[in-house]
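Heads up: the structure comes next, in structure tokens.
The values are calculated or read from the model by the stated rules, or taken from the named source; none is laboratory data. Computed from a prediction, not measured in an experiment: that's the story for all the values here. Here the Cβ is made from the backbone with ideal geometry for all residues, glycine too, and neighbour counts use every protein chain on show.
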Amino acid sequence: MTRYATIIGSGSYIPVIEISNATFAEWMGELSPKLAEVVGKFEASSGIKTRFYAPDDWATSDLAAEAAKAAIADAGIKPEDIDLVILGTDSPDYITPATSVVVQHKIGAVNAGTWDVGCACASFPTALAQGAGMIAVNPNLKYVLVIGAYMMHKLADYKRDVSAFFYGDGAGAVVLGVSDKPGYISTSIKADGSYHKHWGIYSGGTYEPATVESVEAGRTKVRLVTPFPPTVNHEGWPARVRECAANGGFDIQDIDHIIFTQVNVNSIALVMNDLGLPVEKAHYIMDKWGYMGSACLPIAYDDAVKLGKIKSGMRVVFCGSGVGYNQAATAFIIP
């Protein structure tokens, strides 16, 4: 029997501390009236109206564990049934060990191996492809847990850096199971490392180990150094979707729904127009929960499923774009 990976359950978790745009503008206004004005401009251009923060004593693994438990319950299995945990994040608990192994312990997935994927918002579609590939060629694997989690506000100077407007906390997850019918279809991946100095955390690794001076200068916090040109997403997303379709042998018009990185509602509309698809086929959640980086694709997917927008038999494409930059699109037929 040919083994195909299929999505058999999903779940998500949004923390409880809401930080509205009004609150964020108040923080920025204490620094400069001009920064408060920027918040309004960001809201108008992105569609983000609020975001949610986890408690100070939580780590990314705590968010991931909650989403994982929800997905496992939705799949109707037990944590000990999981064979592999793949976690996508660029806000890990530690530089090392991997955050996935912490989550494996917290949820009781005692029989699972784990690894992390660290390509920001492209992590989830990349991890989906990895999980699908592992199921296809390893008869011993039955269930793979794929998680996207994000807690970037904790790595930001969030009361002083207007770029922190975009950072909301959250986690989403799906469980991949085995099917004799295609679930996973295809993937497209692309990177351009010439952008690696544009946005990131640049002290605390081997390039510049953390020092008193680097901490005081703010280099251990996430920083937007140089904005990405709009073409990165406006041209990159359609290219990934088209290549994913070509790789999978299906037409763009065969796509029933696309889940994009949830950073800008206007970008989603522009790209859907480029693809010749109605914008209603692209669910968005940034108005409710903000931008959640590595977590936004699985959370948006889970929300769309719960709302009945994504149903059995639909062809769904996950398309993510993250700092570095990395991009990935992965297509599934929902069972």
Against the condition under 16 Å from Ser46 (Cβ atoms), within 19 Å of the chain's Cα centre (by Cα) and not β-branched (Val, Ile, Thr), how does Gly290 come out, does it pass? yes
Which pairs turn up if I take residues in the stretch 179-191 that are touching a residue at least 40 places away in the same chain (Cβ under 8 Å) and look for partners that are assigned to a strand (DSSP E or B) and among the basic types (Lys, Arg) with beta carbon separation below 8 Å, at least 6 apart in sequence or on another chain? Ile185/Arg315
Within the stretch 111-121, does at least one residue satisfy the condition of being free of Cβ contacts under 8 Å to residues at least 12 places away in the same chain, assigned by TED's automatic domain parsing to the domain that holds Asp57, outside any loop (DSSP other than H, G, I, E, B) and surrounded by fewer than 23 Cβ atoms within 10 Å (Cβ to Cβ)? no
When restricted to Ile259, Ile252, Ile189, Ile201, the only residue in contact with a helix residue (DSSP H, G or I) (Cβ under 8 Å, 6 or more places away or on another chain), hydrophobic (A, V, I, L, M, F, W, C) and more than 27 Å from Pro92 (Cα to Cα) is Ile252
If the Cβ limit is 7 Å and pairs must be 6+ apart or interchain, which residue in the stretch 249-260 that is assigned by TED's automatic domain parsing to the domain that holds Ile299 and over 14 Å from Ala329 (Cβ atoms) pairs with which residue that is of a type in the set (Val, Ile, Thr) and outside any helix (DSSP H, G or I)? Asp256/Val316
Where Glu80 falls short, out of the listed (1) in contact with a Leu (Cβ under 6 Å, 6 or more places away or on another chain); (2) loosely packed, with under 15 Cβ neighbours inside 10 Å: (1)
Does Val271 qualify as being at negative phi and surrounded by 16 or more Cβ atoms within 10 Å (Cβ to Cβ)? yes
Which of the residues belonging to the stretch 7-39 are among the aromatic types (Phe, Trp, Tyr) and assigned to a helix (DSSP H, G or I)? Phe24, Trp27
Qualifying positions in the stretch 151-202 - buried (at least 20 other Cβ atoms within 10 Å of the Cβ) and of a type in the set (Ser, Thr, Tyr): Tyr158, Tyr167, Tyr184, Ser186, Thr187, Ser188
Scan the stretch 212-233 and report the pairs whose first residue is in a helix (DSSP H, G or I) and whose second residue is at pLDDT 95 or above, with Cβ atoms within less than 7 Å and a gap of 6+ or a chain change. Ser214/Ser203; Ser214/Glu208; Ser214/Thr220; Val232/Ser321; Val232/Tyr325; Asn233/Ser267; Asn233/Ser321
Qualifying positions in the stretch 244-268 - of a type in the set (D, E, K, R) and part of a helix (DSSP H, G or I): Asp254
Mind listing just one residue for me: the one in the stretch 287-332 that is buried (at least 24 other Cβ atoms within 10 Å of the Cβ) and hydroxyl-bearing (Ser, Thr, Tyr) and, of those, nearest to Gly148 (Cα to Cα)? Ser294
Looking only at the stretch 61-110, count every residue that is of a type in the set (Gly, Ala, Ser) and part of a loop (DSSP other than H, G, I, E, B) and tell me the total. 5
Within the stretch 251-268, the residues that are crowded, with 20+ Cβ neighbours inside 10 Å, under 18 Å from the mean Cα position of the chain (by Cα) and of a type outside the set (Ser, Thr, Tyr) are His257, Ile258, Ile259, Phe260, Gln262, Val263, Asn264, Ile268
Scan the stretch 287-318 for residues that are assigned to a helix (DSSP H, G or I), farther than 29 Å from Val222 by Cα and either out of contact with any Lys or Arg (no Cβ under 9 Å at 6 or more places or on another chain) or among the hydroxyl-bearing types (Ser, Thr, Tyr) (or both) and report the count. 2
